[in-house]
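> Here you go, one structure.
Readers should treat all values here as calculations from the given coordinates under stated rules, not as data from a laboratory. None of these values were measured; they are calculated from a predicted model. All Cβ positions, glycine included, derive from the backbone under ideal geometry; neighbour counts span all protein chains shown.
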Protein chains: 2
Amino acid sequence: MAGYVREDISDDEIERQRLLYGPLTDAVRDLVDATIRTEVDDDEVRAVQAEVEALTARLRARQLDGAYGVRFSSGGRGRPWGNPVVGLRNAAAPPVVVEHDASGRAWATFHLGAAFEGPPGLVHGGVSAMILDQMLGEAAGAGGKPGMTGTLTLRYRRGTPLGDLRAEAWIERSEGIKTWAHGRLLDAEGVTVEAEGLFILPRWARERLEAESPKYFE
Amino acid sequence: MAGYVREDISDDEIERQRLLYGPLTDAVRDLVDATIRTEVDDDEVRAVQAEVEALTARLRARQLDGAYGVRFSSGGRGRPWGNPVVGLRNAAAPPVVVEHDASGRAWATFHLGAAFEGPPGLVHGGVSAMILDQMLGEAAGAGGKPGMTGTLTLRYRRGTPLGDLRAEAWIERSEGIKTWAHGRLLDAEGVTVEAEGLFILPRWARERLEAESPKYFE
């Protein structure tokens, strides 16, 4: 696995990679949507499949051995680009682009389409849980209290329609390595799902982060 | 939205579609993984991006107006093929292929790779939540008590490594339209995440399902 990798690359280089990989990922995300919704002839489906396989082989000509991990530049900026909620290189991510402030608040607006459907026309309950887990973790991290999910509780107030949505999260309180965060998912009419979670930074992660990327804690 | 659509198609036709769309979806899923992990030259990344865009346009030449919905054949068999956990046509799904029995048990073995990573080398906590939400819902449905998630609580016992995993769920008890289900995610060493959830069949869904696909309740 890639692990927490510290790379000595500049902000300019990160921006260059963002401009290179972002559009590729957007293109693949669009293909995921089209794969669910297409009604073209069988021969055309098979022809496209063969070409997709050829493109995958081209991308795999040189690739990471395992998953992406979380990469840190020398400035301490983290890039969880494989992340299934926010990852710049993950075409399965909505993606959610999260904004934060240092008080431990995080918020985002995003669009969920066909790839996130559970009941007809509605967001899959598990997708709401996944996004809220990420948002609560982002709030904890933004407030200087990063951690892994310890417990997570979701209350579904009503169905969340596919389309344009908003998520918000904030730190409720913290004690040592434990942080309690709350959050919610909203459509244009108001709250659809509420979440609360406990985030804990386990010892192994604390030690590894301190050794590999001390600025993560600044 | 597609809604709960009843289609008068045979089991043979469903099998034909499965053999057509399954391999396309597998190919696109593999491309999602390669998109995260590729290290080929910039020019090659851009060239592949252009070809992906062309393939998407070909698939979109004829397509569903919106999301896939849940389609039922005349035999009452449901096909949630756009579902982000189990959907045959969703390249963002692992996919999890769930087995059930009529007592309300559901289980599955599956593999999670680079597209499901949260902390380095570990499954994203939100992905575990998403899969367990689906599994608990599958157990409720298998036991004749389908519903939408009302509440869901997850307890993360330790990090879940990327790789081969198992999930299990069962009905704990039920009362009218409410069903309580429990479940867990496991790696080779044992339980990593525990879940419990309340599933409720809302009136609108009950009425729509009864009108459109009465066999759903048999």
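> Calculate the FRET efficiency for residue B:207 and residue B:63 from the Cβ-Cβ distance with a Förster distance of 30 Å, rounded to the nearest 0.05.
Given R0 = 30 Å and the Cβ-Cβ separation, E is 0.55.
> Same structure again: Determine the dipole magnitude for region A:1-108: charges of +1 sit on the beta-carbon of Lys and Arg, -1 on that of Asp and Glu, nothing else is charged, the reference point is the Cα centre, and the result goes in debye to the nearest 20.
The dipole of region A:1-108 has a size of about 580 debye.
> Which of B:48, B:110, B:9 sits closest to the plus end of the dipole of region B:1-122, meaning its Cα is farthest towards the positive end, when Lys and Arg get +1 and Asp and Glu get -1 on the C-beta?
Final value for the positive-end residue is B:9.
> Along Cα→Cβ, 7 Å out, is where each label goes; now give me the distance between the ones at residue A:155 and residue A:111 in nm to one decimal.
With each label point 7 Å from Cα toward Cβ, the separation is 3.2 nm.
> For a test of the definition: using alpha carbon positions, the gyration tensor, and the 1.5 limit on a/c, classify region A:20-89 as rounded, prolate or oblate.
Since a/c reaches 1.5 and a/b is larger than b/c, the shape of region A:20-89 is classed as prolate.
> What residue among B:130, B:143, B:59 has its Cα farthest toward the positive end of the dipole of region B:1-159, where the charges are +1 on Lys, Arg and -1 on Asp, Glu, each on the Cβ?
About the Cα centre, the residue reaching furthest to the positive side is B:143.
> Next up: Taking θ = phi - 60°, what integer Hz values does the Karplus form 6.51 cos²θ - 1.76 cosθ + 1.60 yield along region A:98-112, in sequence order, with x for Gly and Pro?
After applying 6.51 cos²θ - 1.76 cosθ + 1.60, I find 9, 9, 9, 9, 5, 7, x, 10, 9, 8, 7, 10, 7, 10, 10 Hz.
> Let me ask something else. Within region A:34-65, list the GluC sites (Glu not before Pro) lying in a DSSP loop whose Cβ has at most 15 other Cβ atoms in a 10 Å radius.
Details: sites: A:39, A:44, A:51, A:53; in loops: A:39.
Those that pass, being in a loop and sparsely packed, are A:39.
> No solvent, one uniform scatterer per C-alpha: report log10 I(q)/I(0) for region B:110-168 via the Debye equation at q = 0.22, 0.28 1/Å, two decimals.
-0.89, -1.17
> Which value, to two decimals, describes the C-alpha radius of gyration of the protein assembly as shown once divided by 2.2 N^0.38 Å? Each step should come with its number before you reach the end.
Numbers: Rg = 21.0 Å, N = 436, 2.2 N^0.38 = 22.2 Å.
For the protein assembly as shown, the normalised Cα radius of gyration comes out at 0.95.
> Next question. What fraction of the DSSP beta bridges in chain B is antiparallel, stated in percent and rounded to the nearest 5?
90
> For residue A:172, which sequence-distant residues (separation of 5 or more, or a different chain) have an amide H within less than 5 Å of its own amide H, given hydrogens modelled in the peptide plane?
A:180, A:181, A:182
> Any chance you could get the radius of gyration and Dmax over the Cα atoms of chain B, in Å?
Looking at chain B, its Cα Rg and Dmax stand at 19.0, 60 Å.
> To the nearest 500 deg cm²/dmol, what mean residue ellipticity at 222 nm is calculated for chain A from DSSP H runs of n ≥ 4 alone, each contributing -39,500 (n - 2.57), summed and divided by the residues?
-11500 deg cm²/dmol
> Sticking with this one: Among A:34, A:161, A:177, whose Cα sits farthest toward the positive end of the charge dipole of chain A (+1 at Cβ of Lys/Arg, -1 at Cβ of Asp/Glu, about the Cα centre)?
A:177
> Find every distance from the label point of residue A:151 to the corresponding label point in the other copies (7 Å from Cα along Cα→Cβ) and write them in nm, one decimal, shortest first.
Label point to label point, same position, other copies: 1.1 nm.
> Report, to two decimal places, the Cα Rg of region A:98-210 normalised by 2.2 N^0.38 Å (N = number of residues).
Values: Rg = 14.4 Å, N = 113, 2.2 N^0.38 = 13.3 Å.
Dividing the Cα radius of gyration by 2.2 N^0.38 Å gives 1.09.
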